[in-house]
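So the structure is just underneath, and the comments pick up after that.
No lab work stands behind these numbers, since they all come straight from the coordinates. Only a predicted model underlies this, so the values are computations on that prediction, with no experimental measurement involved. Note: ideal-geometry Cβ built from the backbone for every residue, glycine included; neighbour counts use all protein chains shown.
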Amino acid sequence: MAVKIPNATAVTIVTIALNIVRSEPKVYFGLGLVSVLWSIVPVYGWANSSKVLAVISTKAYQKLLGVEETTAQIQQRLNRKFWSFWGLTILGGIYIVILICFCAIPFFAFTFVYLQIIEYYYLLALVGYSNSTVLFVVTIFGNIVYIGLLLFLGSLFFYLYGRVSFAELPLAVEPQQSIFGSLARAFALSAGQARKIQMVFSISSLILLNTWFTLPYLVVSGLIVLLGGSFIVLLGGIFLFLVVTYAILNTILQVTKAVIYYDLLCFREGVDLNIEM
């Protein structure tokens, strides 16, 4: 039976995603780890990594839909579009690079101008043409604008990224769907819902950042305690931290995309009303 999540908020979507991961942590994190390890292998491994990420999203989506299909069955079915997932990943990567440049250029331009202004008023204060109060006011005002611009551009990135962030779901779930068709499908489904998706990724980012800053200390400290402190142990701890953290980030992100896709289908097409499979 399909799960009903009427009028799901961003917080609800993130909560459901975390609950799905907690329901079968070994399965989801295991797939996330496999995806990371495959990404080390050029070309074929990258394609396989993209497919495994799609398996994670598909499995989470089917859990919401009430469909019983094993991980092996999902993988076997998605093998038919093996290289399509890689192609979609490449297009998605290009899109993200464009977004980063689009958001980063004004940020760095403002940073350069802001530092020049601060330096100008600092020099004036040194030679006595301006007092420290003016410099203080300019610095405070500049910092406020600086933080505001950073938040705005970050929000804009999530807004634009959210429109096509879950494009692998239509490719994996919907029959006869192509790479460009999946992107168009995601863009159409997210119309009018981009702000909610934006909030989902903003909340998820806060959770994932917390994981990113706390996990390394646990991993490295645990290795040092177990094996004793050494440079090799430290390098091993850093490598293990990167692999485990990346696997966790990928897993949570893919499951969140599945919930977003399911929520949009419920909103647009009433999928949750079709409870008979």
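Output the peptides 252-263, 103-114, 63-74 sorted from most to least packed, where packing is the average of other Cβ atoms within 10 Å over each peptide's residues. The partial results should precede the final answer.
Working: 252-263: 26.7, 103-114: 13.1, 63-74: 14.9.
The densest-packed peptide leads the list: 252-263, 63-74, 103-114.
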**OP:** Return the Cα extents of segment 57-157 along principal axes one, two and three, sorted largest first, each rounded to a whole Å.
**Re:** 76, 27, 16
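If I take R0 = 45 Å and measure r between the Cβ atoms of Ala184 and Ile140 in this structure, what FRET efficiency does the formula 1/(1 + (r/R0)^6) give, to the nearest 0.05?
Working: r = 46 Å, r/R0 = 1.03.
So the FRET efficiency works out to roughly 0.45.
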**OP:** Can you tell me the FRET efficiency between Leu156 and Leu206 if r is taken as the Cβ-Cβ distance and R0 is 22 Å, rounded to the nearest 0.05?
**Re:** 0.80
Original post:
How much length, in nm to one decimal, is gained on full extension between Ile96 and Leu37, taken as 0.36 nm per residue of separation minus their Cα-Cα distance?
Top reply: 19.0 nm
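Counting only other residues whose beta carbon sits under 14 Å from that of Gln176, what net charge do I get with K and R as +1, D and E as -1? Display every interim value, and only then the final one.
Details: positive: Arg77, Arg80, Lys81, Arg185; negative: Glu174.
That works out to +3.
I need the Kirkwood Rh of segment 115-195: take the reciprocal of the average 1/r across all distinct C-alpha pairs and report it in angstrom.
Numbers: mean 1/r = 0.0615 Å⁻¹.
Result for segment 115-195, one decimal place: 16.3 Å.
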